[in-house]
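K.L.:
What follows is a single structure, and I will ask about it in a moment.
The values are calculated or read from the model by the stated rules, or taken from the named source; none is laboratory data. Predicted, not measured: the structure shown is a model, and the values here were computed from it. Glycine also receives a Cβ, built like all others from the backbone with ideal geometry; neighbour counts cover every protein chain displayed. All accessible areas refer to the heavy atoms of the entire protein, side chains included, with ligands and DNA or RNA removed. Shrake-Rupley method; radii C 1.70, N 1.55, O 1.52, S 1.80 Å.
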Amino acid sequence: MAKLELIQTLKKDNGRVWNVSWHPKGDAFATCGEDRCIRIWAKDLLGKWSNKVVLTDGHKRTIRQISWSPCGNFLASASFDATTCIWDKQSGEFECNATLEGHENEVKSVAWSSSGQYLGTCSRDKSVWVWEVAEENEYECAAVLNAHTQDVKKIVWHPTQELLASASYDNTIKIFKEDNSCDDWVCCATLTGHDSTVWSLSFEGNGSRLASCSDDCTVKIWKEYTPGNPEGISTSDNNSVWKCVCTISGVHTRTVYDINWCPLSGLIATACGDNSIRIFKEDSDSGPNAPTFNLICNVEKAHNEDVNCVAWNPVVKDLLASCSDDGEIKLWNFVDS
Amino acid sequence: MVENLDYDEGSNKEKVKEEEQNIEEIKDIVYDLLRTIKDPEKPSTLEELNVIYEDGVTIKQNLEHNINIVRVEFNPTVPHCSLATLIGLCIRIKLQRNMPYPIKLDIYIKSGAHTTEHEINKQINDKERIAAAMENPNLKEIVENCIKEEY
């Protein structure tokens, strides 16, 4: 029986925790939420996770998401105050050395591309912005993408390419890339299938598939079919087509707020409004064009309220962090025996 | 797993009774909190305007997850009522703050009672939008006034 063993519960009594983000080295993580500050956690001398740093003066409203740059030197934070802050430790201590303005209202998500060259942000103003990381502390807006018809909830970059995926309140997922012929960013795919808000996304480790989760209580797996694919799936304008190859329904009983596909183990974790964390594993016997994902672990009452985020450690296999409306952050160890 | 199946019928019946009682109690707490909410524009309460009513509150228990799901249906006074979203916001914040234990809340406009019922239902059940709205000082002030308890 596979199970999640609780390692530690962290709490600071400051309301809803929206997001937890692992440092790329895996030895620290940041959290943020309703209390408008960012906390950085690492292990103390006894091996217990503890709060090392609190960053308080960056944002005036809820901090919805934080994201570490691939080099680990920068931390970006997206806030309901319509700004994105970039924090770094150049002076020895974490400081906000750049504030990105431009969105009309709440910034809901922020993410660095794998090369560290680009930063993406999205907002309730329906737009997705791509920022180019220029000279020291300079971020230039490379594109304002108005493809969605409603709030954009979440953005994630492809693990190896400069390809950006966005999830929206308009029930769709869109994929953007830079079009070299016109030097501009364009929407190259729209993924339809969810019946309500798409809350979150996660690419598989090699980037060939994308997992999404929604207010419609389902999880979907989308597979990329490149032009000239052996399956004969038709593509146009030399763009890949992303097709839904699997829908997991009847498992989650409320909105699924987050999904994370572990690049180390291939396991998918979900965070749900029914207080549960669930782990799915691909059935190795299922075909590539119709994969099956089995629920191998279901932690009911993982938290006392909605689970908002799940994040696999990028270095330590099977170590999972989660956070919730109940104000708690939990660390789990996945055991498959 | 085996232990769970090993119950005698008597104790199970008792358990069912206890749950029913519990459901009635939750329903009363919810309705008592809702009935005093004031209309954002008129000097009356939502109960006086028949925007909320006892039958609009239903409770479902998900025993497997140990969760109480509260469903609140409300009836805006006119089908194009511009304040329907605000009323939904008041209902959510009042319950969120005052329920003695955590609940899962779903709020819906009475079917057919509003021209944009689907859009409003989606908005007032999106917790991220609700959280952001409550950080808007103007909206927050209106909501605080509507849900203030007067003694």
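K.L.:
Using a probe radius of 1.4 Å on heavy atoms only, what accessible surface per residue do you get for chain A? Whole Å² is fine.
P.N.:
Details: 13280 Å² over 337 residues.
Accessible area per residue: 39 Å².
K.L.:
What is the Cα convex hull volume of chain A when expressed per residue in Å³? Show your work: numbers first, answer last.
P.N.:
Working: hull volume 42.2 nm³, N = 337.
Taking the convex hull of the Cα positions in chain A, it is 125 Å³ per residue.
K.L.:
Cα centroids of region B:96-148 and region A:120-159: how far apart, whole angstrom?
P.N.:
One Cα centre to the other: 28 Å.
K.L.:
Right, something else. Region B:34-75: which residues show an accessible-area loss of 50 Å² or more, assembly versus chain alone, 1.4 Å probe?
P.N.:
Those residues are B:H65.
K.L.:
Taking the Cα centre of chain A as origin, sum charge times position over the Cβ atoms of Lys and Arg (+1) and Asp and Glu (-1), and report the length of that vector in debye to the nearest 20.
P.N.:
940
K.L.:
Provide the descending list of Cα extents for region B:23-147 along its principal axes, expressed in whole angstroms.
P.N.:
The principal-axis extents, from largest down, are 39, 29, 26 Å.
K.L.:
If I compute solvent accessible area with a 1.4 Å probe over the protein chains, what percent of it on region A:3-335 is carbon and sulfur?
P.N.:
Whole-percent figure for carbon plus sulfur exposure: 42.
K.L.:
Moving on. Roughly how crowded by other chains is peptide A:150-160, in terms of the mean Cβ count from those chains within 10 Å of each of its Cβ atoms?
P.N.:
Taking the mean over all residues of the peptide, I get 1.
K.L.:
Towards the positive end of the charge dipole of the protein assembly as shown, with charges on Cβ (+1 Lys, Arg; -1 Asp, Glu), say which of A:L46, B:T36, A:P70 has the farthest Cα.
P.N.:
Result: A:L46, furthest along the dipole toward the positive end.
K.L.:
Amide H to amide H, which residues 5 or more places from A:R64 or on other chains are under 5 Å from it, using H placed in the peptide plane?
P.N.:
Those lying under 5 Å, H to H, from A:R64 are A:A78, A:S79, A:F80.
K.L.:
Then there's this: Choose one of A:W129, A:V251, A:G207: the residue whose Cα lies farthest towards the positive end of the charge dipole of region A:123-257 (beta-carbon charges +1 Lys, Arg; -1 Asp, Glu; about the Cα centre).
P.N.:
With unit charges placed on the Cβ atoms, the residue in question is A:V251.
K.L.:
May I pose another question? Please list the three semi-axes, largest first and in whole Å, of the ellipsoid equivalent to region A:207-337, using sqrt of 5 times the eigenvalues of its alpha carbon gyration tensor.
P.N.:
The equivalent ellipsoid of region A:207-337 has semi-axes of 29, 16, 13 Å.
K.L.:
What is the Cα convex hull volume of region A:92-249 when expressed per residue in Å³? Before the final figure, lay out each step's value.
P.N.:
Details: hull volume 21.2 nm³, N = 158.
Cα convex hull per residue, to the nearest whole number: 134 Å³.
K.L.:
Which cross-chain or sequence-distant (5 or more) residues have an amide H under 5 Å from the amide H of A:F293, H modelled 1.01 Å from N in plane?
P.N.:
Residues meeting the amide H criterion: A:D283.
K.L.:
Does anyone have the angle between helix B:137-147 and the longest principal axis of chain B? Alpha-carbon axes, 0 to 90°, nearest 10?
P.N.:
Its long axis makes an angle of about 60 degrees.
K.L.:
With a 1.4 Å probe on protein heavy atoms only, tell me which residues of region A:293-329 lose at least 40 Å² of accessible surface in the complex relative to the chain by itself.
P.N.:
Buried-area filter returns A:E300, A:K301.
K.L.:
If you build a Gaussian network model of chain B, linking Cα atoms that sit under 10 Å apart, which residue out of B:Y101, B:Y31, B:Y53 swings the most?
P.N.:
In the Gaussian network model the winner is B:Y101.
K.L.:
Roughly speaking, to the nearest percent, how much of region B:96-151's 1.4 Å accessible area is carbon and sulfur? Don't skip to the answer; put the middle values down first.
P.N.:
On the way: 1560 of 3120 Å².
Summing carbon and sulfur atoms, their accessible area is 50 percent of the total for region B:96-151.
K.L.:
Sort B:K42, A:K154 from largest to smallest accessible area, using a 1.4 Å probe on the heavy atoms of the protein chains.
P.N.:
Reading off the accessible areas and sorting them downward yields B:K42, A:K154.
K.L.:
To the nearest 500 deg cm²/dmol, what mean residue ellipticity at 222 nm is calculated for the protein assembly as shown from DSSP H runs of n ≥ 4 alone, each contributing -39,500 (n - 2.57), summed and divided by the residues?
P.N.:
-4500 deg cm²/dmol
K.L.:
In Å² (nearest 100), what accessible area is buried between B and A, both sides summed, heavy protein atoms only, 1.4 Å probe?
P.N.:
By this definition, chains B and A bury close to 2100 Å².
K.L.:
Would you mind working out the magnitude of the charge dipole of region B:23-147 relative to its Cα centre, with +1 at each Lys and Arg C-beta and -1 at each Asp and Glu C-beta, to the nearest 20 Debye?
P.N.:
Value, rounded to 20: 240 debye.
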